[in-house]
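Following: one structure in C-alpha cells, then a few remarks.
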Amino acid sequence: MQQELDLTPLPADASEFQSMLKTKCQTCKLSFPLQILALHIHGCMESQSEDDREVPCPICFSDFPLNFLEVHASTCGDSVDDVLSAVSGSVDTETYFRINISQTNILERGLLQWQRQKKVSPTGTLKVTFFGEAGIDAGALRKEFLTEMVAAIEHRFFEGQQHGKSPRYSLTDLDKDFYNLAQGGPAPGFFSDWSYSYLCSGKMDQKAVNKEDVGDTQFKLLIDRVESSTDDTILELADEILSCGYTGVVSNENKESIIRAITLHAVLRLQPMLEQLREGMQLYGLLSIMKQYPEICRPLFVPEGVTKVSKY
C-alpha cells in the first residue's frame, strides 16, 4: 500500500494547509503552517548560511558574502589602483625579506642576493640596507632600490624602441634564472604590445607581430638589407635568410615573405624568456589578474601611446 502512495511533501501554499495556523519563518520571512515549520527552518537556515558565508574576492582579497561576491567582482579591478591594491595585499607583513647591498653594481648584486635567500619568501615585506649608509628602511630605501633595479633591468635584459621593448635573447641569463624578476617594485612600463599580450595569455599571437617589434639589431639590419636589396644582392643574403627558417625561393618577388620569416624568427625565440617572467609574476597573483583584466593592467607594462599592432 505504501508503494502506491505519493509521499512528496506538500508545498507551503497547498490547499490542505489553508485552514491551519501559520507563522513566519524569521530567516526568509515567508509564512508556513506550524506542522511543517520546523522542517522548513532546517533547510532554510542551511541555504541562508551558505549565501551569507564570506569568501575573499579574487581581485582585492577582501571578504564578501557569497551572494554578493559576483556583484562586487563585476566592478572590482576597474582601475590600475585596484590592481596595485590587490598585488600589495599579497605581501606578507608578518615576515621580512632583507637585502643588504652596496650602490656599486646594484643589479648583479641585487639579483644574486634575491636568489640566494632560500629560507625566506620574497612575498615578505622587503627591507633594504645600503652598505655605508645610516638609516632604517621605512619605505624610502626600498623604493630607491627597486627604482634603480627596474631601470637597470630594462637596460640589461630588454632591447628595442622606446615605444616598446622585448626581452633580449640571452640563453646565459635564462640559465641563471635572471628573467624571473617580477617580485614587486615600480611598474616596468617598457614592454612592447606583443610581449605584454604574451605575458597575459601565455600564447603567441603571430598576427599581432610586425617587423617593428624586432628589437635585435642583427635582425633589424637584415630586414633593412632585404628591403633595399636588388635581384643580385638579395642572393648574397641567402644564408642568413635561410637560417631564419625561410624555406621559399630567395628573390625580390618574395621580399614580403622573407621579412615575415625573419620577424617571426626574431620574436618566437624569445618565448622562453617571457615564460620565465610569467613564472615570477605568479608570486603575488599578478599573472591571474593580468589574464582576467589585460586592458586595465596594460598601462603598467606598455608605454603610453602605444596602440595595438596589426599583421605586417
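The values are calculated or read from the model by the stated rules, or taken from the named source; none is laboratory data. Computed from a prediction, not measured in an experiment: that's the story for all the values here. Using ideal geometry, Cβ is built from the backbone for each residue, glycine included, and neighbour counts are taken over all protein chains shown. The area values use the complete protein model at the heavy-atom level, side chains included, leaving out ligands, DNA and RNA. Shrake-Rupley method; radii C 1.70, N 1.55, O 1.52, S 1.80 Å.
The table below lists the values:
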item: Test result for residue 218, closer than 16 Å to residue 169 by Cα and open to solvent by 70 Å² or more (accessible area, probe 1.4 Å); result: yes
item: Pair list, Cβ < 6 Å and 6+ apart or interchain, from the stretch 195-209 residues that are over 13 Å from residue 270 (Cα atoms) and part of a helix (DSSP H, G or I) to residues that are open to solvent by 60 Å² or more (accessible area, probe 1.4 Å) and among the acidic types (Asp, Glu); result: 197/205
item: Boolean, residue 106 is within 30 Å of residue 214 (Cα to Cα), over 25 Å from the mean Cα position of the chain (by Cα) and modelled with pLDDT of 80 or more; result: yes
item: Extreme residue, least open to solvent (accessible area, probe 1.4 Å), among residues of the stretch 273-296 that are closer than 15 Å to residue 123 by Cβ and over 8 Å from the mean Cα position of the chain (by Cα); result: 280
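To keep it simple, each residue is scored yes or no on (1) open to solvent by 40 Å² or more (accessible area, probe 1.4 Å); (2) at positive phi; (3) among the charged types (D, E, K, R).
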position: 227; (1), (2), (3): yes, no, yes
position: 230; (1), (2), (3): yes, no, no
position: 233; (1), (2), (3): yes, no, no
position: 241; (1), (2), (3): no, no, no
position: 255; (1), (2), (3): yes, no, yes
position: 264; (1), (2), (3): no, no, no
